[in-house]
Amino acid sequence: HYFVDGFTTLASSGDSICFGVTAPDGSKWAHMRFIIDGTTRTDVYVYEGATLSGGTSVTAINNNRNSTNTSILTITQDPVVSGVSATSGTLIQSASVGATKKDKFSASIGREGEVILKSGTTYLYEIRAGADNNVVDYLGLWYEHTDKTKQW
């Protein structure tokens, strides 16, 4: 089991923080879920098959602090999206929750069911502010296993 987490303030409506997640080719699969909290309206988009470059490398933390195993995933924060818009790839998930006015109440988005990331595929997770001064907490959780069945 692995995780990445943090928080940031998105100063203006429409500002976003993005994460590129690449699952390598192979029979080892990552089962991922995420939880996003914001102090106001927060929109989350997940794109599959994105073309990305650059960004800041993010180190995944192994939940088992006695283990030296590292994740198979490559994760970058705020990668450059190749193409015309930040919608590169196919939108596979989206959610929008929260208030329309700052400090009205907290927003929370969680993907309770996990998604098994497709081998050899890059995903773009975009967390976008729907209002000014949105403080966003993010938590990505996953585990990895080797597939023992025939692929269909």
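Some notes on this structure:
- Search result, residues across the stretch 96-126 that are in contact with a Phe, Trp or Tyr (Cβ under 6 Å, 6 or more places away or on another chain) and either open to solvent by 70 Å² or more (accessible area, probe 1.4 Å) or at pLDDT 90 or above (or both): R111, I116, L124, Y125, E126
- Qualifying residue in the stretch 65-88 (condition: modelled with pLDDT of 95 or more and closer than 23 Å to N133 by Cα): yes
The values are calculated or read from the model by the stated rules, or taken from the named source; none is laboratory data. It should be emphasised that the depicted structure is a prediction, and the values quoted were computed from it without experimental measurement. Glycine gets a Cβ as well: all are built from the backbone with ideal geometry, and neighbour counts include every protein chain shown. The accessibility values were calculated without ligands, DNA or RNA, using every heavy atom of the protein model including side chains. Shrake-Rupley method; radii C 1.70, N 1.55, O 1.52, S 1.80 Å.
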